[in-house]
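Asker: Can you read through this structure? Questions will come right after.
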Amino acid sequence: MIDELSTFLEGRKINLEELERGKQQFLDKITRMKQDINKHFNQLEDRVNQELVGRYKEASILIGTQNIQYIDIVNCKLGKLITVNKQLYQAIGYNGTNLMVGGYDGNIYMIDRTGNIIKTVTSGYNTNYITCTTDRIYLTSDDELVCLDMNGSQMFSYTNNNFSIGRGISVDKDGNIYCCGYWSNNIHQLTPDGQFIKLIVTDITRPYGIAFVKTGERFLVTHDGNNVIVYELQESV
């Protein structure tokens with residue numbers, strides 16, 4: 001059968017053996033990449049929070065260290081490793097200019113892309129996840145979502161009986177807030193001032209990361225290990 005297909009495709013300059021070799025080379029490359037990443041992260045699952053920085057790069061905290069790892073997500077390779085003079089927890093955000101990272105001491109640090117601390121924001125929270133706009137910091141801490149200004153003053157907080165162990169947060173182009181309830185197995189949609197709109201996703205298990213595509217009509221959710229779902233944002237009627 002293979003010989004017959006090879007003969008049939010020969011006129012199109014397609015060789016099945018070459019295709020199989022190419023496939024295997026690709027799989028080998030992915031395996032090496034995972035091994036390389038695991039060497040730095042101990043386990044791939046330990047990279048629980050990350051943030052896009054620029055167009056094609058991602059910054060990820062190495063949990064329990066003072067390091068942030070840049071990853072080239074187009075070429076699937078590790079980039080620069082920067083060191084911050086603070087013990088980092090797991091929260092990281094990007095406000096378009098600088099990184100915002102959570103420390104074990106409860107502070108949030110604004111750092112430049114080389115690791116220099118520009119500003120310290122005292123939050124008083126055990127920060128799980130962070131997302132930022134130019135003038136706001138959104139964080140999840142246990143069963144609560146909190147919004148701070150860039151000086152650390154609380155603007156509002158959000159709790160709900162159906163919101164348990166808050167994880168990933170994202171903001172859409174209209175300023176609406178989306179937060180993952182890890183144990184409640186849902187995603188809450190809030191107004192820009194933190195008022196509940198609706199449960200926008202309920203049929204999901206252990207959601208922990210969320211991000212909008214640049215155009216704003218779709219969002220990605222990581223859940224239940226290394227699974228990813230893409231959702232279409234429906235306009236309200």
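Bear in mind these aren't lab numbers, they're just calculated from the coordinates by the rules spelled out. Fair warning: this is a prediction, and the values are worked out from it, not measured in the lab. Reconstructed Cβ throughout: ideal geometry from the backbone, glycine too, with neighbour counts over all protein chains shown.
Asker: Can you tell me, using C-alpha contacts under 8 Å and at least 6 residues apart, the relative contact order of the range 141-237 as a whole percent? All intermediate terms of the calculation are to be shown ahead of the outcome.
Answerer: Details: 217 pairs, mean separation 17.2, N = 97.
Taking the mean separation of contacting Cα pairs over the length of the range 141-237, I get 18 percent.
Asker: Let me ask you something else. Which of Glu144, Glu232 comes first, and how do the rest follow, when ranked by fewest Cβ neighbours within 10 Å? Let's see the in-between values first.
Answerer: On the way: Glu144 16, Glu232 7.
Arranged by neighbour count, lowest to highest, Glu144, Glu232 become Glu232, Glu144.
Asker: At what distance in nm do the modelled label points of Lys173 and Phe196 sit from each other, each positioned 7 Å from its Cα along Cα→Cβ?
Answerer: Taking the simple label geometry, Lys173 and Phe196 are separated by 2.9 nm.
Asker: Could you tell me the largest-minus-smallest coordinate of the C-alpha atoms of the range 164-237 on each of the three principal axes, in descending order and whole angstroms?
Answerer: That works out to 30, 24, 19 Å along the principal axes.
Asker: Each residue of the range 213-220 in order: what ³J(HN,Hα) in whole Hz does its phi give by Karplus 6.51 cos²θ - 1.76 cosθ + 1.60, θ = phi - 60°, with x for Gly and Pro?
Answerer: So the Karplus estimates, Gly and Pro as x, are 6, 4, 6, x, 8, 9, 9, 9 Hz.
Asker: Arrange Asp149, Asp172 by Cβ neighbour counts within 10 Å, fewest through most, would you? Write out the running numbers ahead of the final one.
Answerer: On the way: Asp149 12, Asp172 15.
Listed from fewest to most nearby Cβ atoms, that is Asp149, Asp172.
Asker: For the range 104-124 and the range 144-178, what is the centre-to-centre distance using only Cα atoms, to the nearest Å?
Answerer: 19
Asker: How do Val230, Val121 line up, fewest other C-beta atoms within 10 Å first? All intermediate terms of the calculation are to be shown ahead of the outcome.
Answerer: Numbers: Val230 9, Val121 17.
With the sparsest Cβ surroundings first, the list reads Val230, Val121.
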